[in-house]
1. Let me check something: with ligands and nucleic acids excluded, how do Trp114, Trp390 order by accessible area (1.4 Å probe), largest to smallest?
2. If R0 is 30 Å, what FRET efficiency do you get for Lys372 and Thr131 from their C-beta distance, rounded to 0.05?
3. Under 15 Å between alpha carbons, and skipping anything fewer than 8 positions from Lys34 in its own chain: which aspartates and glutamates qualify?
4. Using r as the Cβ-Cβ distance of Lys409 and Ile192, and R0 as 60 Å, what FRET efficiency do you calculate, to the nearest 0.05?
5. Rounded to whole Å, give me the distance from the Cα center of segment 282-322 to that of segment 59-111.
6. Rank Met365, Met157 by accessible area, highest first, at a 1.4 Å probe radius?
7. Cross-link partners among lysines for Lys247, C-alpha distance below 28 Å, same-chain residues fewer than 8 apart left out?
8. Based on the Cβ-Cβ distance from Lys345 to Leu182, what FRET efficiency comes out when R0 is 25 Å, to the nearest 0.05?
Amino acid sequence: MESNNLQKRDGFGSKLGIIAAAAGSAIGLGNIWKFPYITGENGGAAFIIVYLICIALIGFPVMLSEFIIGRRAQKNAIGSFKKLAPGTPWFLTGWMGVVAAFFILAFYGVVAGWCLDYIVKAITNSFAGQTTEQIGNAFTGLISNPWQPVIWQIIFMALTAFIVLAGVKDGIEKYAKILMPLLLGIIIILDIRAITLPGSGAGLAFLFKPDFSKLSAQGVLTALGHAFFSLSLGMGTMITYGSYIQKKENLADTAIQVTIADTLIALLAGVAIFPAVFAFGIEPGAGPGLVFVTLPNVFQQMPGGYFFGLLFFILLTVAALTSSISILEVVVAYVVEDMNINRKKAAVVAALLITILGIPCSLAMGPMANIKLLGGRNFFDTLDYIASNWLLPLGGLFISIFVGWILGKENVEDEVTCGGVKISYLPFFMFLARFIAPIAIAIVFLNGIGVLKF
Ligand code: PHE
């Protein structure tokens, strides 16, 4: 019986829980590690404006589309397509998501492991009195070490599995409701510290005063690609989470709130980082090493730097954890529902397999540095490239086409307006899902695989 099935299915218990879990998924290393450094590399404010446009016109409709698919079907990423479009190849979109989950979590767990190591470095005050060069060497030393980052990665993956195996309500939602307020509190403290530093104005100007001459076509594409990754789109995370949202909740509002929360935290991360970077006269375009090399440098010069440095690396780890659980859940939800394996076993085995895939990602910075795969990329970059440039955009493309063209306007309307709420911007959403999102994603995808060259 349908109602029995619904009752048995685990799900989010409260509105706050939904927002915490979904925003927790979206807010991650993408916001705090990647967004600041790509903003730095692409000239600051002008890049941010383009990013905001991408979030509103492409990110939002794809997120709402994923919620609609998941809640309509009450199933995992693969099962949803099987249920809504039986006998068609649409379920392959879900499969791409599961593969993307394996690839992304494999390298995500490695970077999250570095964050754990940096919490220890911060506690033991190991950057005190070091030169910029020494701080840089400590980072290279860590990531190229054959076993240390692997141990951290295993610890991080064990934490992830521990939360996921406890269930949706008693694991994911429970921890998100604890960790997300913690994250918000830490980032606000760091922001206040950063903007009260003498000389912080230059950093704020860099973030908020646009100079469009610094923006390249490549920068525009980076912004769109990052909007996708940052909002956890294109691999069924939000399909899976959407299937746990109660029917009485307003999906459109939820999608807007999660999108705004993710964007706000990315901006707050920028505000925590750039004023400090400029106040100490350091180059903003440091790339991936920005938070692991530039920031420890800043913290050791800043009054109270010990405390703020420690808070910062706890922040990074918390953000990574609430994202990694959502990635693992994509796999676990499928295995539990469609392969009839219990949740504990599914979570442990999936986390184990992903950790094993992650080990060569970690070693790619050290002993396996000479092993080149796709286009001369090492193992880490190859997984990142396939997931970010192929699987996520293709997934997002198919998801928006599915909701815009296949699912049917009545079904979409019925799902979004559950409980009779009127959504005035529904036609606008449909327009975005049918035309704007697929076209824009197709352009990014073709550029990403080198067919179009910008
Ligand atoms: N959105 C997460 C971040 O910004 C990463 C992520 C990608 C999570 C895809 C789930 C799915 O770090």
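The values are calculated or read from the model by the stated rules, or taken from the named source; none is laboratory data. Remember, predicted model here, so these are calculated numbers, not experimental data. Neighbour counts run over all protein chains shown; Cβ positions are idealised from the backbone, glycine included. The area values use the complete protein model at the heavy-atom level, side chains included, leaving out ligands, DNA and RNA. Shrake-Rupley method; radii C 1.70, N 1.55, O 1.52, S 1.80 Å.
1. Working: Trp114 15, Trp390 100 Å².
Largest to smallest exposure gives the sequence Trp390, Trp114.
2. 0.35
3. Leaving aside aspartates and glutamates fewer than 8 places away in the same chain, those within reach of Lys34 are Asp262, Asp381, Asp384.
4. Between Lys409 and Ile192 the formula returns 0.80.
5. After rounding, the separation between the Cα centres reads 33 Å.
6. Details: Met365 50, Met157 5 Å².
If we order Met365, Met157 from most to least accessible, we get Met365, Met157.
7. Leaving aside lysines fewer than 8 places away in the same chain, those within reach of Lys247 are Lys8, Lys15, Lys75, Lys82, Lys83, Lys169, Lys174, Lys177, Lys344, Lys409, Lys422.
8. Values: r = 30 Å, r/R0 = 1.20.
Taking R0 as 25 Å, the efficiency between Lys345 and Leu182 is 0.25.
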